[in-house]
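Participant: One structure coming up, written as structure tokens, with questions to follow.
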Amino acid sequence: MAFLDIRDLHLAMRTFEGEAHVLNGINLSVERGEIWGLVGETGCGKSLTGLSISRLVPSPPGRYLRGEIRFAGQDLLATPEDGMRRLRGGHIGMIFQDPTTNLNPAFRIGEQMVDVALHADAVDPAILGLAPGASRRQRRVEARRLAIAMLDKVGVPDAARRIDDYPHQFSGGMRQRVLIAMALIGKPELLIADEPTTALDVSVQAQILRLIHSLVLEYQLAVLLITHNLGVVAQLCTHVAVMYAGNIIESGPVRPVFRNPTHPYTRALMKAVPHATHRRGELQGLPGSVPNLFTPPPGCRLAPRCPVAQPRCAERVPPTIAVSPGHDVACVLATPAGSAAA
Amino acid sequence: MILRIENLTKTFRSRGRRWLGPQTSFTALNDVSLSIGKGESFGLVGESGSGKTTLTRCILGLERITSGRIVFDGTDLTTLPAAEMRRMRARIQIVFQDPYASLNPRMLVHDIIAEPMEIHQDTLGLGARQRSDRVIELLELVGLGAQHLYRYPHEFSGGQRQRIGIARALAVNPEFLILDEPTSALDVSVQAQVLNLLHDLQQKLGLTYLFISHDLGVIRYICDRIALIYRGDIVEEGGVDDIFERPSSDYARMLLAAMPEPDPAKSPFNTEAAG
């Protein structure tokens, strides 16, 4: 079994307008050392997949209809809340999109990081490495030392002094580094990064990507990188999963998927990115918008927008088949590996 | 040249002054000169804090400049009396970055698009009936329709909202459109549609664009000429292909290198190993 294994995950959200099926059978296996890019349009379920792993989807309104999420063999959907608290910030680290709203403006970043370190230490005493009888004061001193070491590790210059600054004294890129340092304190094995560079300038984005890459090499992290930037996926990720309306419709190692995008939706996404060879006015978007999830279209959810849809697409959800080893596609038009090319 | 910016400098002084201490100041734009030709798409590229937005605010007369001139179609905007500047704004309009924040959630689409025509009533001279007809015409121009007239912004997707923002900017028949990161809040598939719409509108209406973005792919697609701005200084200016093919400044080379291309073969990391 994979390190992180999501099998047939179905999530419904109850709203005033009815129950929306927001995740519709997600399958995903992530090993340590792999960086998975999760891409798709707004509202396709990328973030909810990430939040489901850390069990941060409130319930109600959320309700898991079916499926399981196994992390290092442990069934997360069956884990009680206090067990999840031990995993979050420890084995599972998270970073979110907006580095401004995820730091408390009223506390120095040192205090916020020490809190995280003390919590992680309460779960796993190896984090601070102190004897069981250590005093509160000793723990705080050691937690602060760890926080400075982590800030230093993620490239915050002059960490020993900056730790006593407030969040507003940091630039956007530096704040994102602080959040990454915070996520690393608990020595996570899995890092969920939800649009970590979307709010940043390209030069800062390049630095953060380099940082994540070096951390993966050093700690053998498994990373789930949620983004809508195909450029970021191509640069950083080892694998990619493309989501549409609550399904993963194409997934696999990044090179075969980018070289040979097979699902019409993946192709449409790639065609929509402006490129040097595009002449003005020739860029192709995908007409229409993401379907209503209260009454999703029967069969393939892309069918109403799909340029190559056929009558049979509306009959049933297309099965996922492998077009090459590890490269899976859920489209009736895909040709299985090994069969003669059409 | 429809717009000529000559040696524009804008310095902000800090509001509070420490007791007997020196007053600090910050130069947001430092001796900036630019020329934009009629019918051209001019791209302004820079990172956050580089002065892009300050420059647009100076052009629109929302910011008092420290020195220099901004000449629009032969008229120096910086010496224009307020009333005439207001009239001038019928010719220079702006589309904002965030279509979720730039439309009043309590106004109907009809009223949002008709409002600039009311403000510029003296220039346009349209009656209420004519304004409503023009609103429908504008909605159709941006790919929406009369069925959307009496709805509120929250009923629309991001791409549709940005179309409403474009219709509002076009309501007073401007010649010059400032597009301040008009697609950065949109998904790529929707971005492609909005970029194509902007291109079509330029062809149809002969508009001049000042297109602000930090997305070099978008800039290359939509612009004829570009300028790179870094901490208030223009560091490079030229034809879009020249700068992309033969960047002459370190800043341009750095930006181009940092742009993540959607091609795994060009990754700076060895991503093949795992799996």
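What follows is calculated from the coordinates using simple rules that are stated; it is not laboratory data. For clarity, every value in this text was computed on a predicted model and none was experimentally measured. Glycine also receives a Cβ, built like all others from the backbone with ideal geometry; neighbour counts cover every protein chain displayed.
Participant: Report for the range B:149-240 the percent antiparallel among DSSP-assigned beta bridges with both residues inside it, nearest 5.
Facilitator: Details: 6 of 11 bridges.
Rounded to the nearest five, the antiparallel share is 55 percent.
Participant: A further question on this structure: Per residue of A:251-260, what is the mean number of Cβ atoms on other protein chains within 10 angstrom of that residue's Cβ?
Facilitator: Per residue, the number of nearby Cβ atoms from other chains is 3 on average.
Participant: Over all distinct alpha-carbon pairs, what is the Kirkwood Rh of the range A:144-280 in angstrom?
Facilitator: Value: 16.8 Å, from the Cα pair sum.
Participant: Hey, with R₀ at 25 Å, roughly what FRET efficiency would A:M1 and A:A134 work out to, going by the Cβ-Cβ distance, to 0.05? Intermediate results must be reported in sequence, preceding the final value.
Facilitator: Values: r = 37 Å, r/R0 = 1.49.
For A:M1 and A:A134, the calculated efficiency is 0.10.
Participant: Right, here's the next one. Taking the alpha carbon gyration tensor of the protein assembly as shown, what are the square roots of 5 times its eigenvalues, largest first, to the nearest whole Å?
Facilitator: 43, 33, 23
Participant: Shifting gears a bit: Going highest first, how would you order A:63-75, A:176-188 by mean Cβ packing within 10 Å?
Facilitator: Descending packing order for the listed peptides: A:176-188, A:63-75.
Participant: At q = 0.15 Å⁻¹, what base-10 log of I(q)/I(0) does the Debye formula yield for the range A:49-201 when every alpha carbon is treated as an equal point scatterer in vacuo?
Facilitator: Values returned for q = 0.15 Å⁻¹ are -0.83.
Participant: What's the Cα-based Rg to Rh of chain B, Rh via Kirkwood?
Facilitator: On the way: Rg = 20.4 Å, Rh = 20.3 Å.
Checking Rg against Rh, the ratio lands at 1.01.
Participant: Also, quick follow-up: From the helices alone, meaning DSSP H stretches of at least four residues, give me the mean residue ellipticity at 222 nm for the protein assembly as shown, per-run term -39500 (n - 2.57), in deg cm²/dmol to the nearest 500.
Facilitator: -9500 deg cm²/dmol
Participant: In Å, what Rg and Dmax follow from the Cα atoms of chain A?
Facilitator: 21.5, 71
Participant: Using label points projected 7 Å from each Cα along Cα→Cβ, tell me how many nm separate A:D165 and B:E84, to one decimal.
Facilitator: Roughly 4.7 nm, to one decimal.
Participant: Moving on. Report P(r) for the range B:46-106: all Cα-Cα distances, bin width 10 Å, range 0 to the bin holding the largest distance, values in whole percent.
Facilitator: Bin by bin from 0 Å, the calculated values are 18, 45, 29, 8.
Participant: To the nearest 20 debye, what is the magnitude of the charge dipole of chain A about its Cα centre, counting +1 on the Cβ of each Lys and Arg and -1 on the Cβ of each Asp and Glu?
Facilitator: So the dipole magnitude of chain A works out to roughly 260 debye.
Participant: Quick one: angle between helix A:109-123 and the longest Cα principal axis of chain A, in degrees between 0 and 90, rounded to 10, please.
Facilitator: With both axes taken from Cα atoms, the answer is about 80 degrees.
Participant: Can you tell me the FRET efficiency between B:D122 and A:A149 if r is taken as the Cβ-Cβ distance and R0 is 51 Å, rounded to the nearest 0.05? Display every interim value, and only then the final one.
Facilitator: On the way: r = 66 Å, r/R0 = 1.29.
Computed FRET efficiency for B:D122 and A:A149: 0.20.
Participant: Let me ask you something else. Determine how many Å³ per residue the convex hull of the Cα atoms of the range A:251-330 encloses.
Facilitator: 112
Participant: Highest mean first, what order results for B:184-194, A:157-167 on Cβ atoms within 10 Å?
Facilitator: The packing order, highest mean first, is B:184-194, A:157-167.
Participant: Could you identify which residue out of B:F42, B:F72, B:F176 has the top mean-square fluctuation in a GNM of chain B using Cα springs shorter than 10 Å?
Facilitator: Among B:F42, B:F72, B:F176, the largest mean-square fluctuation in the Gaussian network model of chain B belongs to B:F72.
Participant: Which residue, chosen from A:P261, A:V223, B:F26, occupies the Cα position most advanced towards the positive end of the dipole of the protein assembly as shown, where the dipole is computed from +1 (Lys, Arg) and -1 (Asp, Glu) charges on Cβ about the Cα centre?
Facilitator: Of A:P261, A:V223, B:F26, it is B:F26.
Participant: Give me the extension gain from A:T100 to A:R316: residue separation times 0.36 nm, minus the current Cα-Cα distance, reported in nm with one decimal.
Facilitator: Separation in residues times 0.36 nm, less the Cα-Cα distance, equals 73.4 nm.
Participant: For chain B, what is the percent of antiparallel DSSP beta bridges, rounded to the nearest 5? Provide the component values of the computation, followed by the final result.
Facilitator: Working: 21 of 39 bridges.
Counting DSSP beta bridges with both partners in chain B, the antiparallel share is about 55 percent.
Participant: In vacuo Debye scattering of the range A:102-187, one point per C-alpha: log10 I(q)/I(0) at q = 0.17, 0.23 Å⁻¹?
Facilitator: -0.62, -1.07
Participant: Continuing with the same structure: Residue farthest toward the positive end of the dipole of the range A:102-187, with Cβ of Lys/Arg at +1 and Asp/Glu at -1: which of A:P105, A:A134, A:G155?
Facilitator: Among A:P105, A:A134, A:G155, the one farthest towards the positive end of the dipole of the range A:102-187 is A:A134.
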